[in-house]
1. Out of the residues in segment 266-280 that are small (G, A, S) and in contact with a helix residue (DSSP H, G or I) (Cβ under 8 Å, 6 or more places away or on another chain), state the one that is nearest to Q214 (Cα to Cα).
2. Pick out, from segment 60-165, the helices (runs of 4 or more DSSP H) lying fully within it that include 3 or more residues that are at pLDDT below 95.
3. Here is a list: A135, A84. Which entry is surrounded by fewer than 19 Cβ atoms within 10 Å (Cβ to Cβ) and under 30 Å from P259 (Cβ atoms)?
4. Can you pull out the residues in segment 290-325 that are part of a helix (DSSP H, G or I) and charged (D, E, K, R)?
5. Looking for something at pLDDT 95 or above and touching a Pro at 6+ places or on another chain (Cβ under 7 Å) - is there at least one such residue anywhere in segment 266-278?
6. Among the residues of segment 155-191, write down those that are polar (S, T, N, Q) and under 30 Å from V47 (Cβ atoms).
7. Would you check if there is a residue in segment 30-43 being under 25 Å from D221 (Cα atoms), without any contact (Cβ under 8 Å) to a residue 40 or more places away in the chain and touching a helix residue (DSSP H, G or I) at 6+ places or on another chain (Cβ under 6 Å)?
8. In the list I254, I234, I224, I266, which residue meets the criterion of being over 21 Å from the mean Cα position of the chain (by Cα) and in contact (Cβ under 8 Å) with a residue 60 or more places away in the chain?
Amino acid sequence: MRFLVTGSAGFIGFHLCRRLIALGHTVDGLDGMTDYYDPALKRARHVVLANSNQFRAHETMLEDMDSLSRIVNEAQPDIVVHLAAQAGVRYSMEEPRSYVSANVVGTFNLLEALRAAPVSHLMLASTSSVYGANAMPFCEGDRTDHPLSFYAATKKATEAMAHSYAHLYAIPTTVMRFFTVYGPWGRPDMALFKFTRSILAGEPIDIYNAGQMQRDFTFVDDAIEGVVRLAELIPAASDGAAGSPAAPYRVVNIAGGKPVNLEDYISAIEVATGRRAIRNELPMQMGEPQSTLASTQELERLTGFRPRTPVDEGVRAFVDWYRAFYRV
């Protein structure tokens with residue numbers, strides 16, 4: 001099949017493209033190579049993908065409607081996986097306008113391009129952050145009207161826009177709410193990357209809320225397995241409890257389904273690095289939830305798959321990659 005993956009030089013996008021290529025699909029990857037974090041890491045990911053003649057890279061911003069439409073028309077994808085976004089809860093308090101531009105305007109432009117050039121399946125990345133302060137475990141049918149961060153608000157907006165286009169223009173759409181994906185080639189702004197870098201350098205790590213936090217961590221290979229299986233399942237109207245009676249649209253959590261204490265996460269990094277962390281205690285950050293936990297029943301119902309990689313195994317894989325990539 002022909003895939004178009006936006007955010008192909010990003011963490012999840014890179015792993016997805018590599019998996020799709022291994023499965024024999026052709027992939028057009030689109031990325032803006034923004035400087036939110038080191039573009040050299042993004043380019044290194046694209047270099048790996050470019051080793052295959054099944055991959056073609058496009059460097060452009062989603063805000064550039066003319067370029068985006070041209071790429072969609074040239075690629076003629078069967079399936080579009082929209083992963084490109086401005087990520088980060090804390091950064092959304094510093095540069096909120098970039099979230100409107102990338103997440104809202106960028107997604108709108110993609111939806112318009114797909115209205116003109118229909119595909120069999122649009123897969124849209126969202127986030128656990130849309131659940132706000134809901135009771136756990138977070139279920140796809142929960143109301144998500146009270147986001148705690150501006151990042152979450154923009155991702156919720158993309159979900160709503162995608163639903164309207166699914167209804168109005170019959171674009172089969174799956175929204176994937178990712179829960180703290182981690183692993184090799186991960187993002188430098190995420191805790192695992194920052195903690196590993198600091199611990200190996202003998203520098204302190206920032207610990208918020210005295211470490212009294214939990215996250216539903218998802219190893220990247222598990223996340224990609226879920227995405228690939230969902231790609232084959234084209235949603236229809238009234239497609240289950242997490243779907244919509246008015247549109248070929250569904251929402252699926254991509255998560256491990258098991259909470260992990262931050263202290264246990266840090267311990268796993270210490271074991272993998274063979275070093276003890278120096279701690280810098282800080283208060284809880286605005287917009288950050290204290291805990292996340294997903295129901296994975298919908299993912300398992302649809303695909304028969306549930307992520308199961310233990311955190312210590314996933315952390316070790318990341319640390320091994322980090323040491324090899326940065327030669328430390």
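1. A268
2. 91-94
3. A135
4. E298, E300, R301, D312, E313, R316, D320, R323
5. Yes: one or more hits.
6. Of everything in segment 155-191, those that are polar (S, T, N, Q) and under 30 Å from V47 (Cβ atoms) turn out to be T158, T174, T180.
7. Yes: segment 30-43 contains one or more residues that are under 25 Å from D221 (Cα atoms), without any contact (Cβ under 8 Å) to a residue 40 or more places away in the chain and touching a helix residue (DSSP H, G or I) at 6+ places or on another chain (Cβ under 6 Å).
8. Going through I254, I234, I224, I266 in turn, just one is over 21 Å from the mean Cα position of the chain (by Cα) and in contact (Cβ under 8 Å) with a residue 60 or more places away in the chain: I266.
The values are calculated or read from the model by the stated rules, or taken from the named source; none is laboratory data. Because the structure is a prediction, the values reported are computed rather than measured. In this analysis, Cβ positions are derived from the backbone assuming ideal geometry, glycine residues included, and neighbour counts consider all displayed protein chains.
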